[in-house]
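The values are calculated or read from the model by the stated rules, or taken from the named source; none is laboratory data. Quantities reported herein were computed from a predicted structural model and do not represent experimental measurements. Cβ sites come from the backbone with ideal geometry, for glycine too, and all protein chains shown count toward neighbours.
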Amino acid sequence: MPPVNRTPLDAAATQAALDALPDWRGRLGALRTAFRAPSAAVALKLVARVGELAEELDHHPSLDWRYDLVFISWTTHSAGWRVTAFDVAAAERTSQIAQALGAVAEPALPRSLELALDTTDPALVRGVWATALGYEQRPGDEDSLYDPHDRGPSVWFQRTSTPAASRWHLDVSVASEIADDVVAAVTAAGASADPAEAPAFTVLTDPCGDRVCICTPLGRQHPAQ
């Protein structure tokens, strides 16, 4: 594979890449999908072959095996955890490997969770949560904390002059094609919905006032945000 530029893609380039990658979705700085294999044994073969690809490219994805499902995300750490042409090429190769093994992409299956804390001053509380969770900041991102092992959900501090009474809320990022169904299902379960910022996110509030936002890449400056 020839050298590929590891400069972060802009919004137009990212969307063009996603248009050519039907197996993948862009979300929270990465290309993400899940592949369902014919069996657990085949899923393990997929894991192994993606591992071989990662070693070949010297570019390694986050990967999670669950019986016949393999969840994969590609991002470029050296580019600030952003999507680059390298990730696009790696995702395309991954799809080819999966197809050869008879694994089927289910790109709407993965969901990404962020924990969001309303605060007037992130610096005031950041150290407490970084220490409690064993999380760390990433360069250029003062408003979020991340699991250094990419296992737990990220934490971000939402700057607001009117923090919610419960202060914490969850951000759940889903594939855009299922967002309306998810919002409808949560509303049917008893939540009230505020779609003022849709399709970027819809705020759902439970009967006790606790909030969860169903988020999509639509309506945002960058389609992989």
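If you check V4 against the conditions, is it at pLDDT below 95 and of a type outside the set (K, R)? Spelling it out, V4 is indeed at pLDDT below 95 and of a type outside the set (K, R).
Only a single item in (1) in contact (Cβ under 8 Å) with a residue 40 or more places away in the chain; (2) within 18 Å of the chain's Cα centre (by Cα); (3) surrounded by 15 or more Cβ atoms within 10 Å (Cβ to Cβ) is not met by S144, and it is number (1). Within region 118-141, being crowded, with 17+ Cβ neighbours inside 10 Å and part of a strand (DSSP E or B) holds for D118, T119. In contact with a Cys (Cβ under 8 Å, 6 or more places away or on another chain) and either free of Cβ contacts under 8 Å to residues at least 24 places away in the same chain or buried (at least 17 other Cβ atoms within 10 Å of the Cβ) (or both): does that describe S192? Considered against the rule, which asks whether it is in contact with a Cys (Cβ under 8 Å, 6 or more places away or on another chain) and either free of Cβ contacts under 8 Å to residues at least 24 places away in the same chain or buried (at least 17 other Cβ atoms within 10 Å of the Cβ) (or both), S192 comes out as no.
Taking the numbered list (1) surrounded by fewer than 21 Cβ atoms within 10 Å (Cβ to Cβ); (2) touching a residue at least 12 places away in the same chain (Cβ under 8 Å); (3) within 14 Å of the chain's Cα centre (by Cα) in turn, R25 passes all entries but (1). Contact annotation: residue pairs with Cβ atoms under 8 Å, 6 or more positions apart or on different chains, pairing a residue in region 67-79 that is under 16 Å from R138 (Cβ atoms) with a partner that is assigned to a strand (DSSP E or B) and among the basic types (K, R), are S73/R32; T75/R82; T76/R82.
Residues that are among the aliphatic types (A, V, I, L, M) and touching a strand residue (DSSP E or B) at 6+ places or on another chain (Cβ under 9 Å) were ranked within region 199-225; the one that is nearest to W81 (Cα to Cα) is A224.
Yes/no per residue for (1) modelled with pLDDT of 90 or more; (2) closer than 24 Å to A13 by Cβ:
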{"residue": "Q158", "(1), (2)": "no, no"}
{"residue": "T162", "(1), (2)": "no, no"}
{"residue": "S176", "(1), (2)": "yes, yes"}
{"residue": "G190", "(1), (2)": "no, no"}
{"residue": "R220", "(1), (2)": "no, yes"}
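Can you find a residue that is exposed (fewer than 14 other Cβ atoms within 10 Å of the Cβ), assigned to a helix (DSSP H, G or I) and among the hydrophobic types (A, V, I, L, M, F, W, C) anywhere in region 76-95? Looking for residues that are exposed (fewer than 14 other Cβ atoms within 10 Å of the Cβ), assigned to a helix (DSSP H, G or I) and among the hydrophobic types (A, V, I, L, M, F, W, C), one finds none in region 76-95, hence no.
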